[in-house]
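Structure, as structure tokens:
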Amino acid sequence: MNNTTNMLLRLLISYGISDKERFTGAFEKVFGEMFEDPEKAEQTGEFLMDQLRQAKEELTMSMLLNRMASSNAKGNEELTKAIQDLTAELSKFNKNLEKKETK
């Protein structure tokens, strides 16, 4: 999942979590007819709120892991470049030594 989609989902979930009463009320309106017992509808709404919280946490962790992976990749690229530069300099040094030894 790309970072923009991840951020939008977290924003929507955060909004839903922040206005719990409105979310639960909307749930009861939409699904209340399916439940004869309003208490059962409320329990299901609570369950959905918990699931939304977990989804938000998972999205946050996913975003953090993606950021860490991309920063590690950048660090690896920099390390690889530094090793290549060092190898090139050592080759030049060895060639200069060989030239001095043959003189």
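Bear in mind that the values in this text are calculations on the coordinates, not laboratory data. As the structure is a prediction and not an experimental result, all values here were calculated from the model. With ideal geometry, Cβ positions are generated from the backbone for all residues, glycine too; neighbour counts draw on all protein chains shown.
If R0 is 22 Å, the Cβ-Cβ spacing of residue 21 and residue 64 corresponds to a FRET efficiency of close to 0.15. Packing, taken as the mean count of other beta carbons within 10 Å per residue, orders the peptides 60-71, 81-92 from highest to lowest as 60-71, 81-92.
Taking 7 Å steps out from each Cα toward its Cβ at residue 89 and residue 39 produces label points 7.6 nm apart.
Helices in the chain that qualify as membrane-span-like (whole DSSP H runs, Cα extent of at least 20 Å along the helix axis, mean Kyte-Doolittle hydropathy of 0.0 or higher) are 3-18.
In the chain, helices alone account for a calculated mean residue ellipticity at 222 nm of -32500 deg cm²/dmol, with every DSSP H run of four or more residues adding -39,500 (n - 2.57).
Computed over the alpha-carbon atoms, region 11-64 gives an Rg to Rh ratio of 1.07, Rh here being the Kirkwood radius from the mean inverse distance. The local environment of residue 50, defined by Cβ-Cβ distances under 12 Å, has a net charge of +1 under the rule Lys, Arg +1 and Asp, Glu -1. Each listed q (0.24, 0.25 Å⁻¹) maps to a log10 I(q)/I(0) for the chain, found by the Debye formula over equal Cα scatterers with no solvent: -1.13, -1.17.
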